[in-house]
1. Given the Cα-Cα distance of L223 and L125 and 0.36 nm per residue of separation, how much length would full extension add, in nm?
2. Just rank Y109, Y329, fewest to most, by other beta-carbon atoms within 10 angstrom.
3. Pull out a ≥ b ≥ c, the square roots of the eigenvalues of the alpha-carbon gyration tensor of region 213-293, then state rounded if a/c is under 1.5, prolate if not and a/b is larger than b/c, and oblate in the remaining case.
4. How long is the gain from V324 to E307 if the chain were fully straight, where each residue apart is worth 0.36 nm and the alpha carbon distance is subtracted?
5. Which order do S136, S247, S328 fall in if you start with the one that has the fewest other Cβ atoms within 10 Å?
6. Kindly put M274, M85 in sequence by how many other C-beta atoms sit within 10 Å of each C-beta, fewest to most.
Amino acid sequence: MDEVQKMWKTYEPLVLEYVAKAGELFQREDVLMPKKWRPTGDWQADALSAWDAAWNDGTVGRYNETHYAIDNAGAKMTFPVTWAMKPELKPLYPFDWEDSFDGSPLSMYMRKYYEIPLICCVVYLVGIFLGRIIMSKLPAMDLTPLLVLWNLGLSVFSTIGLVRTVPHLIATIEEFGLYHSICAPVGNTFGAGAVGLWSFLFIISKIPELVDTVFIVLRKKPLVLLHWYHHFTVLLYVWQSYAAQSSAGIYFIAMNYTVHSVMYFYYACAAMRMWPRWIPRWTITLLQLAQMVLGIWICVKIYQYKEAGMACSTSEVSFKSGVVMYFSYFLLFLQILYKILTYDGKKKTKAAIDKKNN
């Protein structure tokens, strides 16, 4: 333990210096708001201007009066809401405090304080390193009750997020088409209202989700590359995307909520040894793999729209990091799926041989 403390004291100034520099870097206009696809350099203003031009020439659909709901006080909202597009969905949105949410100030705050996720990631990675050293000299902890509650809580949270984002995404596609759902400015799609609130909560939730790894370390379970790599890169990516108001974010949010609602429920059942045997565990990995395929497809569509000269409110940083992230996840999940199928196949073969011999 003394050696670890000495090592940290040696590298602490260097780590803090890099965190500070990274925070300054991501506040620069030429990083978050690149010029390649936006000649003026004013990324947000240029994106809105291009989208207005597309509206005016009829290239894309425009929101009309029916899409801006009237709140209970009788005032017209300044942004479209899900149940205004699809009135039959109104029972799903009973709360005025959700409908009145506006994420723009929070987006600017996240852009200003990018060092927050960077510090979280540094603490996370250092914590993994120190935690495994400490636990190597201690017995594994039995945290089953806490683990079950933690996973059930995240499953419920993700299910609520699913109900708040997936209907909005489907309604947007039906009302305005695929291009609009991927490229329209966030303020005109999912930046406000109930979907905006749960998009923001999705971003913030990636910080407490780091606790997933705490359970692995304290229980002395194997820590695979995919787990810790996925956790810290997702946090960095979603924070940057929200700060840059990337238009395709609703797809990534809706997909993640959907998969996590099932995945964390599976983890809770597995901890209680209650998962149905007739549902193979590789189905969860297959669901995660499908999410990565869809994520890559969305990135391809963004590239096609931009190269065709069409207005698309996604920064180059968000686009490129999304491609790298989803492709790397795809490969790692594919590797996990292969190992699961291979291991399960060997178990079945061994069980069949033992049964025959007996």
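1. Details: separation 98, 0.36 × 98 = 35.28 nm, distance 1.23 nm.
Stretched out fully, the L223 to L125 stretch lengthens by 34.1 nm.
2. Numbers: Y109 12, Y329 21.
Placing the least packed residue first, the sequence is Y109, Y329.
3. Values: a/c = 2.52, a/b = 1.48, b/c = 1.70.
Here region 213-293 falls in the oblate category.
4. Values: separation 17, 0.36 × 17 = 6.12 nm, distance 1.87 nm.
Separation in residues times 0.36 nm, less the Cα-Cα distance, equals 4.2 nm.
5. On the way: S136 8, S247 30, S328 15.
The fewest-first ordering by Cβ neighbours comes to S136, S328, S247.
6. M274, M85
Each value in this text was obtained by applying a stated rule to the coordinates, not by laboratory testing. Quick caveat, the model's predicted, so the values are computed rather than measured. Neighbour counts run over all protein chains shown; Cβ positions are idealised from the backbone, glycine included.
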